[in-house]
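The values are calculated or read from the model by the stated rules, or taken from the named source; none is laboratory data. If you're wondering where the values come from, they're calculated on a predicted model, not measured in any experiment. Here Cβ is always computed from backbone atoms with ideal geometry, including for glycine, and neighbour counts include all displayed protein chains. Calculation scope for accessible area: heavy atoms of the full protein, side chains included, ligands and nucleic acids excluded. Shrake-Rupley method; radii C 1.70, N 1.55, O 1.52, S 1.80 Å.
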Amino acid sequence: MPESEMASGAKRTLVEGTYQLSPPAIQFDKDGTLHAAWLEQRGDARSVKTMRVSQDLHQEAVQVNPKEAEPNALHQAPGLAVGQDGRIFVSWSTAKASDAPFASDLRLARSVDGGRTFEPPILVNDDKQPIGHGFESVLVDRQGGVNIAWLDNRHKSKSGAGAVFGGSHDGGKGVETNVAIDDMACPCCRPMLTQAPDGSIWVAWRKTFEGNVRDIVVARSIDQGRSFSAPIRVHEDKWVFPACPHRGPSIGFDGAGRLYVAWYTEGTDEHPQVFLSVSDDQGQTFATPVSLHASTTSLPDQLRMAVAPTGAVVAVWEELTGVRKRIVMRVSLDRGRTFGSLQTLSTGANAEFPTVAIHESGQVALSWNEHVWPNNRIVVLLERLSDHK
């Protein structure tokens, strides 16, 4: 990789087998140790797994869930958040006995020993309705609060879901009363949480506007998630889609308070695109979006982004051709103004669901799924931003 952007590292396998694996989730702790989480299914048994990613990768995976709280599906990564005190939180949905389709409850498990063991999970949603509760994002803020945003249809209007928030201010022992953020959320585009330097909590999601227009919005909470501002549209893509695209946004702040939002859209011409936009006035206005994918011979998908305190931005996504699906990356070292050349991360013919995390030291972790018949595997790539010494 270009020395001006990233110092290259080695790709390593976290888990591999003929069994099914969900997409991965990754987060650094304050000391720079990487933690990974995923769901897997072996036979009829499903489980939630985590791993502390050491340099030699000789760590054993830890099972998070008890048998009576198996995940209900493997279509997405579990939620994963790491606190400043080393506590780790993992979330997933469990099946709820009901005749209603997709009925589930949202669970949250806590580790107080750096991910070596996990306590029994608690219930996040405070209703008892036979509806779906999932597509969640988990964030531990700098005050130690645990924040969860997810989708369910308790508060939905004309769309398939409402966006809901739940917070814990007792270290994750319990979740306070759930708060409705929006009644017109896209029902399976995962929302994303982040915290601004001023302490406010932000959430980004794909909102359903009249006429099945599905564009990205953000909202802000200045009272630790007890209430949220009205949704702010990031850009008027005017993407009309009469179903859920399963493609949520990414959101982050740098240390100077610049807000970054990245997302997938097909706009008005049904042409897949991935964009990034920034705001320097608390989301009141957003800059003209930067198009990240420039190829005319491939299509982009499943974009994820992370932001360093310096304003370095790492964006990763799937690049699809007629015969190949690979993971690619672009890096900005100037707060999203310009991006370096496209870098290919995967080597096989079928790689998907990338994700990225950045530590304040400049360490970067990238992870994704690879399929090499008959095996499935999750790989991780550890690198370093060159503007960090």
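Taking the Cα atoms of the range 221-263, the ratio Rg/Rh between the radius of gyration and the Kirkwood radius comes to 1.03. Per residue, the convex hull spanned by the Cα atoms of the range 275-389 amounts to 106 cubic angstrom.
Leaving ligands, DNA and RNA out of it, rank Glu176, Glu60, Glu266, Glu319 by accessible area with a 1.4 Å probe, largest first. Walk me through the numbers on the way to the answer.
Values: Glu176 75, Glu60 145, Glu266 35, Glu319 5 Å².
Sorted descending by solvent-accessible area, the residues read Glu60, Glu176, Glu266, Glu319.
Hey, can you rank 86-95, 73-82 by average C-beta count inside 10 Å, highest first? Mind showing how you got there, number by number?
Working: 86-95: 23.2, 73-82: 21.4.
The peptides rank, most packed first, as 86-95, 73-82.
Just checking the listed ones, Leu108, Leu123, Leu366: in the Gaussian network model of the chain with Cα springs under 10 Å, the one fluctuating most is Leu123.
Run the numbers for Thr117 and Ala230: contour at 0.36 nm per residue of separation, minus the present Cα-Cα distance, in nm. Mind dumping the intermediate values first?
Numbers: separation 113, 0.36 × 113 = 40.68 nm, distance 3.93 nm.
Here the segment from Thr117 to Ala230 would lengthen by 36.8 nm.
For the range 67-215, the convex hull drawn through the C-alpha positions has a volume of 113 cubic angstrom per residue. Of all lysines in the structure, the ones whose alpha carbon falls short of 26 Å from that of Lys156, not counting any fewer than 8 places away in one chain, are Lys96, Lys128, Lys207, Lys238.
In this structure the range 70-111 gives 38 Å² per residue of accessible area when probed at 1.4 Å with all protein chains present. Computed about the Cα centre, the dipole magnitude for the chain is approximately 320 debye when only Lys and Arg (+1) and Asp and Glu (-1) carry charge, each at its Cβ. Counting only Cα atoms, the size of the range 152-223 along its three principal axes is 41, 26, 17 Å, in decreasing order.
Note on the range 11-51: semi-axes of the ellipsoid equivalent to its C-alpha gyration tensor, largest first and rounded to whole Å, are 23, 11, 7.
Output the peptides 325-331, 293-299, 37-43, 131-137 sorted from most to least packed, where packing is the average of other Cβ atoms within 10 Å over each peptide's residues.
Details: 325-331: 23.0, 293-299: 12.6, 37-43: 19.0, 131-137: 25.4.
Taking the mean over residues of other Cβ atoms within 10 Å, the ranking is 131-137, 325-331, 37-43, 293-299.
Under a straight-distance cross-link criterion of Cα-Cα below 19 Å, which aspartates and glutamates are reachable from Lys158, leaving out those fewer than 8 residues away in the same chain? The reachable aspartates and glutamates, counting only those whose Cα sits under 19 Å from Lys158, are Asp182, Asp183, Glu210, Asp215. Assuming charge only on the beta carbon of Lys and Arg (+1) and of Asp and Glu (-1), the dipole of the range 8-79 about its Cα centre is about 120 debye to the nearest 20.
Express the Stokes-Einstein translational diffusion coefficient of the range 233-330 in µm² s⁻¹, to the nearest whole number, given a Kirkwood radius over alpha-carbon pairs, 37 °C and a viscosity of 0.692 mPa s. Calculated translational D: 231 µm²/s.
Return one whole number: the accessible area per residue of the range 125-272 in Å², for a 1.4 Å probe.
Working: 5450 Å² over 148 residues.
Each residue of the range 125-272 exposes 37 Å² on average to a 1.4 Å probe.
For the range 215-328, the residue among Pro242, Val278, Val314 whose Cα projects farthest onto the positive side of the dipole built from Cβ charges is Val314.
With the full set of protein chains in place, find how many percent of the accessible area of the range 103-173 is carbon and sulfur; take the probe as 1.4 Å. It would help to have the intermediate numbers written out before the result.
Working: 1290 of 2620 Å².
Its accessible area is 49 percent carbon and sulfur atoms.
Set Lys and Arg Cβ to +1 and Asp and Glu Cβ to -1, take the dipole of the chain about its Cα centre, and tell me which of Gly199, Asn350, Ile148 lies farthest positive. Most positive-ward Cα: Asn350.
Only Cα sites of the range 195-258 enter the Debye sum here, all with the same form factor; the resulting log10 I(q)/I(0) across q = 0.19, 0.27, 0.30 1/Å is -0.77, -1.15, -1.28, listed in q order. Subtracting the Cα-Cα distance of Asp44 and Thr288 from 0.36 nm times their residue separation leaves 83.0 nm of extension gain.
Rounded to the nearest 20 debye, what is the charge dipole size of the range 69-195 about its Cα centre when +1 sits on each Lys and Arg Cβ and -1 on each Asp and Glu Cβ?
Values: 12 positive and 15 negative charges, 31 e Å.
My answer is approximately 140 debye.
Cα to Cα, under 24 Å, and not fewer than 8 places away if on the same chain: which lysines meet these conditions relative to Lys325? Output for Lys325: Lys11. Here the range 242-263 and the range 144-167 have alpha carbon centers that stand 17 Å from each other.
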